[in-house]
Amino acid sequence: MTDDVKPAGPQAAPARLLAGELWWKAGVVYQVYPRSFQDTNGDGVGDIKGVTARLDYLAWLGVDALWLSPVCRSPMADYGYDVSDYCDIDPLFGTLADFDALVAEAHRRRLRVIMDFVPNHTSEEHPWFREARASRDNPKRDWYIWRDPAADGGPPNNWISNFGGPAWTLDPATGQYYYHAFLREQPDLNWRNPQVRAAMMDVLRFWLDRGVDGFRVDVIWHLMKDGLLRDNPVNPDYRPGEPEINSLLQIHSADQPEVMQVIAEMRAVLDAYDARVLIGEIYLPLERLVAYYGTDLSGAHLPFNFQLIQTPWHAKAVADLVAEYEAALPAGGWPNWVLGNHDQPRIAARVGDAQGRVAAVLLLTLRGTPTLYYGDEIGLGRVPIPPERVRDPWEHNEPGRGRDPERTPMQWVPGPHAGFSTVEPWLPLDPQAQTGNVETLRDNPTSILTLHRRLIALRREHPALSIGAYRAVSVSGDVLVYERWHGDEVVRVALNFGHEACTTEVPPESGWEVLLSSAGGRRGEGPQDGYFALAGDEALVLVRRAPGAEG
Ligand code: NOJ
């Protein structure tokens, strides 16, 4: 019995791609967390030269672009998301010359480089904030968000920091509070001030002129706050144990209509250059998320779609999500999918190793740009962090919320420190590092790494997978089936979200065969009596060759 999933809407027509945009539409983005990728100077922390040294690996894996989490100068209160100089590289990571060399070497290998841009807040050590806090009448005062205390001397409103605790800190010297959506060391900029906007647009140009291919913009939906700074309402659905930030509905502290104008300004800056991409980090419900494509697509090219992280791991839930997302996209808006990042428990930790393979097939065969988080391709899971090794300030504020387990070093070889460093790394390695590393997995035909590499190669070989249209086929029990098609070619994906073996039926036309099994092998296998067997936790990618087509 098959419950048919409603067919996708107008977006089912193949997208017309402009040549310049093709790279970020058809390509795979790979997120590098630079502290944890490769250490070259023996301090236990990754650096830019380390990323450059590993470009051949990324080219071998087959990805098209790397997004580098922040490398600008920073006191590292939030590991680089607290910038004290937007136009310099932190010495921990190297120099501007190292960065230029990375971009040049990446481009030589046809890899694009996407920078992390952190415009919502600076570090408290940024010269702008030092000036701003110097006196109430300092010309930079209005670059940040200052308010007098409430009548009782407390904060000006009830807003809560995303890391727990109040979002306002009193500056005793000037007697006012400043707002920070994150740590007190991360004061929010006042994006209503035209000088702030101009200065930040110059930052974008600084990096674009150095050749970067785009930006991932940190918490882009936070940039504008309610002009009256009204209290956020209490969340009636809040359950104890959730992060404190969820106790209020964030309707006044973020996602204000005026933010669209700011994003359009950023887009205009990028559009003056050739084929650059603007990606926005946005955690909002679908209907709000898609607003960030902007009127007439003047907003972010790719408002990050984190829905797979937030949706229960069941065939029906994922089928519904894909249908809702496809239907919600504005005309011409290009989709994208994310399974993990440096803020979220790793996919293998969330769904287990076996389903992690199914997840890889899903990520790399859905319609839209996939972003792959470093280490997921070698199956890194939740790395245990002993209390004395905790680094993430969020863990100190709200135990259990820390993001260290998903930020541990990349594992390259079975040797000491997994080839990441010559010394003990800043975060512990996975206890499985002796087997879960690139060298051990790369020549194993059934490894998770081989699976990722094959999937990425398939996207290149089959335009149906990279740029083709999407149509839902069915969801039946634990099995989700959809098709991607382009021209004459139809690729069908069948994902078993369960642990039990079952079968998946194909239409009677001849020519169906296996392109890939998540378990390895089976390539070229045809159906038996119109069915393909699906093992538990197995995903199949099938192709129907047009009559007479060569394989
Ligand atoms: C989102 C980033 O991804 C996260 O790591 C950071 O802590 C916050 N923004 C604050 O910049």
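When Trp67, Trp60 are screened for being crowded, with 21+ Cβ neighbours inside 10 Å and either in contact (Cβ under 8 Å) with a residue 60 or more places away in the chain or assigned to a strand (DSSP E or B) (or both), only Trp67 passes. The set of residues from segment 171-188 being within 16 Å of the ligand (Cβ to nearest atom) and open to solvent by 20 Å² or more (accessible area, probe 1.4 Å) comprises Phe182, Arg184, Glu185. The residue pairs whose first member lies in segment 119-136 and is under 18 Å from Asp202 (Cβ atoms) and open to solvent by 50 Å² or more (accessible area, probe 1.4 Å), whose second member is among the basic types (Lys, Arg) and more than 16 Å from the ligand (Cβ to nearest atom), and whose beta carbons are closer than 6 Å, counting only pairs six or more residues apart or on different chains, are Glu131/Lys140. Please go through segment 117-158 and pick out each residue that is within 15 Å of the ligand (Cβ to nearest atom), part of a loop (DSSP other than H, G, I, E, B) and in contact with a His (Cβ under 9 Å, 6 or more places away or on another chain). Matches in segment 117-158: Asn120, Glu124. Remark: pairs (first residue in segment 218-229, not assigned by TED's automatic domain parsing to the domain that holds Trp143 and assigned to a helix (DSSP H, G or I); second residue near the ligand (Cβ under 10 Å from one of its atoms) and of a type outside the set (A, V, I, L, M); Cβ separation under 7 Å; 6+ apart in sequence or on different chains) = Ile220/Glu281; His222/Asn120.
Within segment 194-203, being more than 16 Å from the ligand (Cβ to nearest atom) and open to solvent by less than 50 Å² (accessible area, probe 1.4 Å) holds for Val196, Arg197, Ala199, Met201.
If you filter segment 486-521 down to residues that are open to solvent by 60 Å² or more (accessible area, probe 1.4 Å) and touching a strand residue (DSSP E or B) at 6+ places or on another chain (Cβ under 6 Å), you find that the one that is nearest to Leu451 (Cα to Cα) is Thr503.
Among the residues of segment 70-80, just one is surrounded by 21 or more Cβ atoms within 10 Å (Cβ to Cβ), in a loop (DSSP other than H, G, I, E, B) and out of contact with any Pro (no Cβ under 9 Å at 6 or more places or on another chain), namely Ser74.
Residues that are under 20 Å from Thr52 (Cα atoms) and buried (at least 21 other Cβ atoms within 10 Å of the Cβ): does segment 81-88 have at least one? Looking for residues that are under 20 Å from Thr52 (Cα atoms) and buried (at least 21 other Cβ atoms within 10 Å of the Cβ), one finds none in segment 81-88, hence no. Annotation note: Cβ proximity below 7 Å between a residue of segment 21-38 that is farther than 17 Å from Ala275 by Cβ and a residue that is open to solvent by 10 Å² or more (accessible area, probe 1.4 Å) and among the hydroxyl-bearing types (Ser, Thr, Tyr) (sequence gap 6+ or interchain) occurs for Arg35/Tyr79. Only one entry of Trp191, Trp168 meets the criterion of being crowded, with 19+ Cβ neighbours inside 10 Å, away from the ligand (no atom under 16 Å from the Cβ) and at pLDDT 95 or above, and that entry is Trp168. The residue of segment 289-319 that is most open to solvent (accessible area, probe 1.4 Å), among those that are touching a residue at least 60 places away in the same chain (Cβ under 8 Å) and part of a helix (DSSP H, G or I), is Lys316.
The values are calculated or read from the model by the stated rules, or taken from the named source; none is laboratory data. None of these values were measured; they are calculated from a predicted model. With ideal geometry, Cβ positions are generated from the backbone for all residues, glycine too; neighbour counts draw on all protein chains shown. The accessibility values were calculated without ligands, DNA or RNA, using every heavy atom of the protein model including side chains. Shrake-Rupley method; radii C 1.70, N 1.55, O 1.52, S 1.80 Å.
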